[in-house]
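**Student:** Okay, here's the structure, questions in a sec.
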């Protein structure tokens, strides 16, 4: 069995493979590491490019686009390795990037997954939106990161150079135990893309494991390669999947008040889109809620089969509203709120 499988899910990103794959192969060449490209039904020349330029790299091909969730689930079902590294095709890695993450999981059996420091490829002195220095959520399910709250991204001044327990690791670069990935159900295919890694990490935490941020490893993420942040379909996925995420994983006593509040906030958000003349975005929020209600019976089944529930939120959830803290209290950087998160989790730092 391979020790580490670095699995890159590709969909119509041939140019990114050409730009970033040489770097990934160069810095993942140690013994026991295999780099695999899983092509998610690309309609560009990604497959032809891989066959011509990288015939020795294992290529897994699918007949169509199964999304981030289905693509990875199908690919990882065909990969035998102790650890998986899920890596976007638009990530630049650095020398020895795998070593500290492997060391973390080797030495800490209670840690199921981890992620490196993620910085912006276009501006390498800043953290990157999608992962930064580790992911968290607030009481209403809004995700944010150490180093990035809403649209405020911090420069990296070494302020987050300690390893710490986090709530979610970014799917753009996630190092995870293969057995636990499968035992906890992998990604939920219904998500298709976006927030699936938060759902997976929440289930991992409910099952008694933890997720860790490893600053000794650094990667640089281009970002926005598949769907731009303002794309209406991306808006739809984010709103719908956030409702899926909350319904599946919230503690019982939090379920109704949080879902009700979140729906009210989403209605307000949709009308902000409408007042700005962003009709497709307004409709995306409506469609997200419509499809949430249509999926409710299936979500109830998934909720019943999820790992153990607690009477309250698990560790590393911000028990306040990140929107209120950011907009009203003007707390735009993680260091201003970290005591409300990490102090509640005595095992947060290693």
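The values are calculated or read from the model by the stated rules, or taken from the named source; none is laboratory data. This one's a predicted model, so the numbers in the text were calculated from it and none came from an experiment. Glycine gets a Cβ as well: all are built from the backbone with ideal geometry, and neighbour counts include every protein chain shown.
**Student:** What's the number of the only condition in (1) surrounded by fewer than 18 Cβ atoms within 10 Å (Cβ to Cβ); (2) touching a residue at least 24 places away in the same chain (Cβ under 8 Å) that residue 197 fails to meet?
**Tutor:** Looking at each condition in turn, residue 197 falls short on (1).
**Student:** Among the residues of segment 1-33, how many are in a loop (DSSP other than H, G, I, E, B), in contact (Cβ under 8 Å) with a residue 40 or more places away in the chain and touching a strand residue (DSSP E or B) at 6+ places or on another chain (Cβ under 9 Å)?
**Tutor:** Residues that pass the stated criteria total 5.
**Student:** Could you check how many residues of segment 61-77 are in contact with a helix residue (DSSP H, G or I) (Cβ under 7 Å, 6 or more places away or on another chain) and surrounded by fewer than 19 Cβ atoms within 10 Å (Cβ to Cβ)? Explain how you work it out, then say what you get.
**Tutor:** At the first step, the residues of segment 61-77 found to be in contact with a helix residue (DSSP H, G or I) (Cβ under 7 Å, 6 or more places away or on another chain) are 61-62, 66, 68-70, 73, 76.
From the residues that got through so far, the ones that are surrounded by fewer than 19 Cβ atoms within 10 Å (Cβ to Cβ) too are 61-62.
Matching residues across segment 61-77 total 2.
**Student:** Something else now. Could you list all residues from segment 35-53 that are within 10 Å of residue 17 (Cα to Cα) and not in a helix (DSSP H, G or I)? Before the answer, list the steps.
**Tutor:** Within segment 35-53, the first condition is being within 10 Å of residue 17 (Cα to Cα), and the residues that meet it are 37, 46, 49-50.
Scanning segment 35-53 gives a single hit, 37.
**Student:** Something else now. I'd like to verify a number: residues in segment 54-109 that are over 23 Å from residue 191 (Cα atoms), without any contact (Cβ under 8 Å) to a residue 24 or more places away in the chain and part of a loop (DSSP other than H, G, I, E, B), how many?
**Tutor:** 3
**Student:** Which helices (runs of 4 or more DSSP H) sit wholly inside segment 222-319 and have at least 3 residues that are under 25 Å from residue 129 (Cα atoms) and out of contact with any helix residue (DSSP H, G or I) (no Cβ under 7 Å at 6 or more places or on another chain)? Walk me through it before giving the result.
**Tutor:** Values: elements: 232-249, 252-275, 279-294, 296-305.
Qualifying helices (runs of 4 or more DSSP H): 232-249, 252-275.
**Student:** May I pose another question? Just need a number here: residues in segment 208-218 that are assigned to a loop (DSSP other than H, G, I, E, B) and either touching a helix residue (DSSP H, G or I) at 6+ places or on another chain (Cβ under 8 Å) or crowded, with 24+ Cβ neighbours inside 10 Å (or both). Even if it seems obvious, please write down each step before you answer.
**Tutor:** The first filter runs over segment 208-218 and keeps only residues assigned to a loop (DSSP other than H, G, I, E, B), leaving 208-209.
Cutting the leftovers down to either touching a helix residue (DSSP H, G or I) at 6+ places or on another chain (Cβ under 8 Å) or crowded, with 24+ Cβ neighbours inside 10 Å (or both) gives us 209.
Counting residues in segment 208-218 that are assigned to a loop (DSSP other than H, G, I, E, B) and either touching a helix residue (DSSP H, G or I) at 6+ places or on another chain (Cβ under 8 Å) or crowded, with 24+ Cβ neighbours inside 10 Å (or both) gives 1.
**Student:** Yes or no: segment 204-224 includes at least one residue that is closer than 26 Å to residue 125 by Cα and free of Cβ contacts under 8 Å to residues at least 60 places away in the same chain.
**Tutor:** Filtering segment 204-224 for residues closer than 26 Å to residue 125 by Cα gives 211-224.
If we keep only those that are free of Cβ contacts under 8 Å to residues at least 60 places away in the same chain as well, we get 224.
Yes; the residues of segment 204-224 include at least one that is closer than 26 Å to residue 125 by Cα and free of Cβ contacts under 8 Å to residues at least 60 places away in the same chain.
**Student:** Please tell me if residue 156 is modelled with pLDDT of 95 or more, surrounded by 18 or more Cβ atoms within 10 Å (Cβ to Cβ) and over 29 Å from residue 182 (Cα atoms). Write out each step before concluding.
**Tutor:** Details: modelled with pLDDT of 95 or more: yes; surrounded by 18 or more Cβ atoms within 10 Å (Cβ to Cβ): yes; over 29 Å from residue 182 (Cα atoms): yes.
So residue 156 passes the test.
Table: residues versus (1) crowded, with 16+ Cβ neighbours inside 10 Å; (2) closer than 15 Å to residue 194 by Cα.
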position: 232; (1), (2): yes, yes
position: 242; (1), (2): yes, yes
position: 249; (1), (2): yes, no
position: 280; (1), (2): no, no
position: 288; (1), (2): yes, yes
